[in-house]
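The values are calculated or read from the model by the stated rules, or taken from the named source; none is laboratory data. This is a predicted model, so every value here is computed, not measured. Positions of Cβ are generated from backbone atoms using ideal geometry, with glycine treated the same way; all protein chains shown enter the neighbour counts.
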Amino acid sequence: MLLSPYARPVSCLGAVLVLTLLPLPAARAASDVTVLNDDGGWCWFQDDRAVLDARTLVVGSVANGSRDKDRQGDIDIVSYDLANRRSLRATLHQNLQSDDHASPALLLRRDGRWLAMYARHGNDDRIYYRISQRPHDATEWQPEKVFVPSASSRVTYSNLLRLKRDRATTASTISSAVTKTPGSRLDVVGRPG
């Protein structure tokens, strides 16, 4: 799905291929592989996990604390500049939950700012989200906001999308642990601007 003329989602496997196979000649050593996050996990149930914005790859993940116990459950966004091969990590939420299902979904909004959405794995009724400070820059973020669909909700797996009928509206499908029906609820979380 093409999000805009300058951004496109990539699978995480695709991101690995972009960083390890395409820019490197066959003769280069395995040590030339770029590590985007030394403690980052994600699962297949939320999208998009990685998005290419011009020459910057933006990847969301959750830390399990394997290298640094203080990072356990941190929700991270890594921005990797393909031109200069530099990465910056921003932590959106410290110690949310050490579970790959808490990994953030990403969307590049029409105003160029990033939206990241994440939730614990069925433990509570809260969906957390943050919007980047500046267009096309995922290194600094506005304060976290919380959306509660209902007091009885138990949510997980964020999947961000745009509604075709209303080009200004961003929405998220979520899975509810109460009904156990993936994508059973569609909630508007904000308008760009």
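Taken over segment 88-144, the criterion of being at pLDDT 90 or above, under 16 Å from ALA63 (Cα atoms), not in a loop (DSSP other than H, G, I, E, B) and not aliphatic (A, V, I, L, M) is satisfied by ARG89, THR91, HIS93, TYR118.
Quick check on segment 145-179: of everything there that is in a strand (DSSP E or B) and among the polar types (S, T, N, Q), which residue is modelled with the lowest pLDDT? Among those that are in a strand (DSSP E or B) and among the polar types (S, T, N, Q), it is SER176. Of all residues in segment 85-132, those satisfying the criterion of being within 17 Å of VAL155 (Cβ to Cβ) and of a type in the set (D, E, K, R) are ASP99, ASP100, ARG120, ASP124, ASP125, ARG126, ARG130.
No other residue among LEU13, LEU17, LEU22 is at pLDDT below 60, surrounded by fewer than 12 Cβ atoms within 10 Å (Cβ to Cβ) and not in a loop (DSSP other than H, G, I, E, B) apart from LEU13. The sole residue among ARG109, ARG86, ARG130 that is within 11 Å of the chain's Cα centre (by Cα) and surrounded by fewer than 24 Cβ atoms within 10 Å (Cβ to Cβ) is ARG130. Is it the case that ARG71 is touching a strand residue (DSSP E or B) at 6+ places or on another chain (Cβ under 9 Å) and either farther than 27 Å from ARG162 by Cβ or surrounded by fewer than 17 Cβ atoms within 10 Å (Cβ to Cβ) (or both)? Yes; evaluated as a whole, the condition is true for this residue. Working only within segment 135-146, note down all residues that are touching a strand residue (DSSP E or B) at 6+ places or on another chain (Cβ under 7 Å) and surrounded by fewer than 18 Cβ atoms within 10 Å (Cβ to Cβ). Correct list: HIS136, THR139, GLU140, GLN142, GLU144, LYS145, VAL146.
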